[in-house]
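One structure is given below, encoded as structure tokens.
The values are calculated or read from the model by the stated rules, or taken from the named source; none is laboratory data. Keep in mind that what you see is a predicted model, and the values were worked out from it rather than measured. Positions of Cβ are generated from backbone atoms using ideal geometry, with glycine treated the same way; all protein chains shown enter the neighbour counts. In case anyone asks, the SASA skips ligands and DNA or RNA and just uses the protein heavy atoms, side chains included. Shrake-Rupley method; radii C 1.70, N 1.55, O 1.52, S 1.80 Å.
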Amino acid sequence: MSPAAALRTVPSLAARYATTSAHSGKHKVVVIGAGAGGLAAANQIYNAFKSRGERLNDGDIAIIDPAQHHDYQPGWTIVGSGLADKADYRRPLASLIPAHFAHIPGSAAGVEPQSSRVVLADGTTVGYESLVVAAGLQINYDKVAGLTEALSDAQSKVATIYSYETADKTWHLIREFDGKGEAIFTQPFGPVKCAGAPQKIAYMADSYWKTTSNPLPSRSFITGMPTMFSVPHYSNALNAIRQEKGINGEFNTNLVSIDSAKRVAKFEVLAGENKGKRIEKEFGMLHVTPPMGPRDWIKKSPIADAAGWVDVHQGTLQHNKFENIFSLGDSSSLPTSKTAAAITAQTPILTNNLVSLLSTGKVGDAIYDGYTSCPLFTGRGELMLAEFKYGLERKETFGWLTDQSKPNRAFYHLTKDVFPRTYFSKMLKGEWYGPKGIFPPQFVPS
Ligand code: UQ1
């Protein structure tokens with residue numbers, strides 16, 4: 001779409017976008033992505049200027065995102081478990097973008113740091129004084145042969161909670177499973193968002209079948225990773241839980257292809273004495289966690305590190321080469337687990353450091369400790385609240401009260417009933433600081 005056409009289709013946008021562009025040709029802050037990180041950061045940045053007494057003009061902050069909808073993605077495990085409707089976790093994106101932001105409904109396709117411009121897929125450019133990259137990651141369905149076809153075929157016994165389209169199909173497969181053949185749940189080798197979800201959905205299915213099915217189907221969790229979880233403390237607890245539930249576990253075993261008509265999945269062994277060996281398994285139902293990686297356009301851009309993530313300092317979230325670029329969330333190189341909880345801790349750091357740079361010319365010195373959290377459903381009515389930071393070290397909010405590696409009902413309700421509301425009512429507005437709740441962390445002004 002040409003910018004002119006875009007402006008015609010969204011009249012209110014035309015007004016907003018025109019104001020700033022006409023003034024200076026560039027926005028004070030451009031945010032790529034209106035997901036959890038982009039919206040929280042844009043709002044926090046706006047509020048930070050306001051509390052410094054520097055009220056921004058309409059359109060000073062622009063958000064680039066072509067999506068029609070915004071989804072509460074952590075909720076897709078709950079949808080796949082039959083405990084919520086997927087529509088409950090979806091909002092029209094326009095309803096989440098305040099009128100004082102310019103919404104540019106295009107796709108980012110590149111960044112030119114030398115001229116401080118974002119290039120959109122239609123060739124138009126958006127200038128910035130400073131840039132926040134919150135573009136999320138990319139799901140590489142095509143890295144598993146047959147996966148795209150299997151997911152789009154409503155009759156197939158293959159689903160994933162990692163997409164809005166099939167989150168509810170996951171629940172239908174679980175509910176209607178006749179117990180013939182094995183129920184297989186996979187996790188790929190490599191980084192995925194919410195690295196606990198591949199096993200959470202296995203526990204939730206197991207929990208459902210134990211109340212309804214007789215006989216109980218055979219259940220396997222097959223992962224390309226060497227362990228259940230990155231943090232050894234939680235990994236050991238999860239492995240014990242998996243064994244107690246009678247779910248088979250296979251490690252270093254990566255899904256490579258699916259024949260959904262024959263209900264056969266092929267795996268490759270990645271390590272150990274059988275390294276390189278191919279294994280075929282018949283399945284009755286298959287839950288796939290697709291491989292994920294950095295977005296192609298970022299990988300090809302000058303802002304990427306060698307792996308393709310946006311190359312930022314792990315403490316300050318500032319780009320390692322370009323002073324006026326910052327990144328958070330799934331698109332960043334931050335060496336921690338990719339979760340919404342991580343974003344609650346990253347946003348105030350990014351905001352402090354970026355607003356300080358714009359206001360004083362000197363980047364702020366707030367430092368992110370790598371905090372992230374994975375609320376792991378381990379069955380109906382039970383949840384293990386894993387919380388950790390850089391170095392795979394535990395950083396538990398309720399550790400003084402309870403052993404967080406032991407699942408409990410309070411954490412279950414916190415995650416199922418409280419977090420989704422908090423996300424929309426507070427977090428996306430930049431008013432939620434994770435374990436600190438509504439109280440912002442205080443940084444020493446630079
Ligand atoms: C959190 O703040 C949050 O955002 C609303 C989540 O939702 C996705 C979470 O899963 C977690 C764990 C947090 C962290 C908050 C506390 C109170 C531990």
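What the table shows:
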read-out	value
Of the criteria (1) closer than 18 Å to Ser81 by Cα; (2) assigned to a strand (DSSP E or B), which one Ile174 fails	(2)
Failed item in (1) closer than 30 Å to Ala48 by Cβ; (2) without any contact (Cβ under 8 Å) to a residue 40 or more places away in the chain; (3) within 16 Å of the ligand (Cβ to nearest atom); (4) open to solvent by less than 60 Å² (accessible area, probe 1.4 Å), with Asn353 passing the rest	(3)
Options Gly123, Gly181, Gly196, Gly110; residue that is surrounded by fewer than 19 Cβ atoms within 10 Å (Cβ to Cβ), of a type in the set (Gly, Ala, Ser) and either within 20 Å of Lys416 (Cβ to Cβ) or free of Cβ contacts under 8 Å to residues at least 24 places away in the same chain (or both)	Gly123
Residues of region 356-393 that turn out to be among the aromatic types (Phe, Trp, Tyr), in contact with a strand residue (DSSP E or B) (Cβ under 6 Å, 6 or more places away or on another chain) and open to solvent by less than 10 Å² (accessible area, probe 1.4 Å), as a count	2
Looking only at region 424-440, and only at residues there that are within 11 Å of the ligand (Cβ to nearest atom) and of a type in the set (Lys, Arg), the one that is surrounded by the fewest Cβ atoms within 10 Å (Cβ to Cβ)	Lys436
Conditions (1) within 12 Å of the ligand (Cβ to nearest atom); (2) closer than 22 Å to Gln73 by Cα; (3) of a type in the set (Gly, Ala, Ser); number of the one not met by Gly379	(1)
Search result, residues across region 399-423 that are open to solvent by 30 Å² or more (accessible area, probe 1.4 Å), within 11 Å of the ligand (Cβ to nearest atom) and in contact (Cβ under 8 Å) with a residue 60 or more places away in the chain	Lys416, Phe419
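Table: residues versus (1) at pLDDT 95 or above; (2) within 21 Å of the chain's Cα centre (by Cα).
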{"position": "Thr19", "(1), (2)": "no, no"}
{"position": "Val29", "(1), (2)": "yes, no"}
{"position": "Ala36", "(1), (2)": "yes, yes"}
{"position": "Leu56", "(1), (2)": "yes, no"}
{"position": "Thr77", "(1), (2)": "yes, yes"}
{"position": "Pro98", "(1), (2)": "yes, no"}
{"position": "Gln114", "(1), (2)": "yes, no"}
